[in-house]
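Take a look at the structure below.
The values are calculated or read from the model by the stated rules, or taken from the named source; none is laboratory data. Remember, predicted model here, so these are calculated numbers, not experimental data. Positions of Cβ are backbone-derived with ideal geometry, glycine not excepted, and every protein chain shown enters the neighbour counts.
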Amino acid sequence: MQLKNLDPVLKSYLIRAIRDSFKRSRLYKQVKKLARVEKPKLKKDGTPAKRPEVFYRCKMCSKLHKDKDVHVDHRDPVTSLYTSTNDLTIEGYISRVYCNLHNLQVLCKPCHAEKTKTENKIRKSIKKSK
Ligand SMILES: [Zn+2]
């Protein structure tokens, strides 16, 4: 069944559920692991802490960021630049979210926002030219 034929409330519920399940998936954790950098942490008294501090390297700016400041991004976005999500089936949507590992990368929030902005500009210009 195509997404456009679903009740809008059910559609948004399903998309949220698919995205949430992705965030708990092994694939998601694999991507995060590849970008993970640990740094030894010192306690206030200067002795090493039991656990290191964990950072993630952004694929775009190469800087290190804390977990709360990064996103897992689909290089080729889930919402394709050229076709509407509405034309996808549920299975098609799931396979775009759960894509190949090589299509996934860790980005910091500012870089992710910048990428999304660029993608939206492209979508807009494609829409205009149709
Ligand atoms: Zn970045």
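Does at least one position in segment 16-26 carry a residue that is under 11 Å from V106 (Cα atoms) and buried (at least 16 other Cβ atoms within 10 Å of the Cβ)? No, because not a single residue in segment 16-26 is under 11 Å from V106 (Cα atoms) and buried (at least 16 other Cβ atoms within 10 Å of the Cβ). Of all residues assigned to segment 40-51, none qualifies as being away from the ligand (no atom under 16 Å from the Cβ), of a type outside the set (F, W, Y), modelled with pLDDT under 95 and surrounded by 15 or more Cβ atoms within 10 Å (Cβ to Cβ).
Pairs linking a residue in segment 1-20 that is closer than 20 Å to C99 by Cα to a residue that is surrounded by fewer than 12 Cβ atoms within 10 Å (Cβ to Cβ) and of a type in the set (D, E), with Cβ atoms under 8 Å and 6 or more positions apart or on different chains, are Q2/D87; L3/D87.
With respect to (1) within 16 Å of the ligand (Cβ to nearest atom); (2) surrounded by fewer than 14 Cβ atoms within 10 Å (Cβ to Cβ), the lone exception for Q105 is condition (2). Each residue in segment 93-119 was checked for being of a type in the set (A, V, I, L, M, F, W, C) and assigned to a helix (DSSP H, G or I), and 5 pass.
For segment 60-92, a residue qualifies if it is within 13 Å of the ligand (Cβ to nearest atom), in a loop (DSSP other than H, G, I, E, B) and of a type outside the set (K, R), and the qualifying residues are M60, C61, S62.
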